[in-house]
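One structure below.
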Amino acid sequence: MNIRRITTLVLVLSILLAGCSAIDPPVDPGKPTATQTDANETPAENEDESTPTATSSDESEDSDDPEDSEESTTTTTTSAETTTTTTTTETTVSIEGTSTVASSSTAAQNTSTQADWPKPKPPTRPTESKIEQRITNTKFINKEQATSSSGYSNFDVQIFADTRLKNVDPEGDVDGEPYFIIEINNKLVARASVTYEKNGSFAIEVPAAALKQFASGTLNVRVSFLDQDSQSDDLYDTWSGTIEYSAS
């Protein structure tokens, strides 16, 4: 009887143990499951996949380069504007460059005009002073009134004088060689040899080309009477006067 009970209990326990082994053990909330572990490993994989994202960030940084390039383009544009300003200056400087040539050309024309009249021979210097009362009167003749002002654009000089120079050289037996010169503002503009005349009247032409060298205004005119000599000319008399001149 006891053996049968024991055998029955053993069979029941065996069946119970077999049934328990077939049932999954309960999940402990404190322990991660395999599924949870895989889920936790997934972020790591995502981190690996985030590397392209970092690369994308680099590409984004690279994409900033076009902006830098655009800034460079803007700088280039500014430089171009500066070049334009320089060109204007060059144009100014070029404009400013065209007026000087014209002035030089004008100066050359004036020089050419002055070269058209023969430069008078100056006295042999130093002159020896032998001042006497030889010039009795002098006046301006052939005066041409200027159209744009009250001055004269052209004129000549008439001289009244005693031009006899008998036996005046050092030996005392040689006649002199009288001549007049006209100076305007201390510049020699005319010279004329004359004959012996006790009360002579001599019209001396002042070349119009010689007057071109003077500006409009009052001109100081000086007439000198001299005797030509080989070593030094003798000065016998002078006269001075003024006249209003107009260069137009």
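The values are calculated or read from the model by the stated rules, or taken from the named source; none is laboratory data. Since we're looking at a predicted model, the values are computed, not measured. Methodologically, a virtual Cβ is constructed for each residue, glycine included, from the backbone with ideal geometry; neighbour enumeration extends over all protein chains shown.
Brief remarks follow.
- Tabulated pairs, the stretch 182-207, first among the acidic types (Asp, Glu), second part of a strand (DSSP E or B) and modelled with pLDDT of 95 or more, C-beta under 7 angstrom, 6+ apart or interchain: Glu183/Val189; Glu183/Arg222; Glu205/Asp156; Glu205/Ala190
- Tyr179 over 28 Å from Ser248 (Cα atoms), of a type in the set (Phe, Trp, Tyr) and part of a loop (DSSP other than H, G, I, E, B): no
- All conditions but one from (1) over 18 Å from Gly241 (Cα atoms); (2) loosely packed, with under 11 Cβ neighbours inside 10 Å apply to Asn137; the one that does not is (1).
- Considering the stretch 187-241, the qualifying strands (runs of 3 or more DSSP E), each wholly inside and each with 3 or more residues that are under 45 Å from the mean Cα position of the chain (by Cα) and exposed (fewer than 15 other Cβ atoms within 10 Å of the Cβ), run over 217-227.
- Of everything listed in (1) out of contact with any strand residue (DSSP E or B) (no Cβ under 9 Å at 6 or more places or on another chain); (2) at pLDDT 95 or above; (3) not small (Gly, Ala, Ser), the single unmet condition for Lys166 is (2).
- Across the stretch 156-167, the number of residues qualifying as surrounded by fewer than 19 Cβ atoms within 10 Å (Cβ to Cβ) and in a loop (DSSP other than H, G, I, E, B) comes to 3.
- Residues of the stretch 197-224 that turn out to be under 18 Å from Arg164 (Cβ atoms) and not basic (Lys, Arg), as a count: 7
- Selected residue (only one of Ser149, Ser153 is in a loop (DSSP other than H, G, I, E, B) and more than 19 Å from Thr195 (Cα to Cα)): Ser149
- Unique residue being in contact (Cβ under 8 Å) with a residue 40 or more places away in the chain and within 26 Å of Thr242 (Cβ to Cβ) when the list is Gln213, Gln228: Gln213
- Among the residues making up the stretch 117-129, those that are surrounded by 15 or more Cβ atoms within 10 Å (Cβ to Cβ) and within 17 Å of Arg222 (Cα to Cα) are Pro120, Pro123, Thr127.
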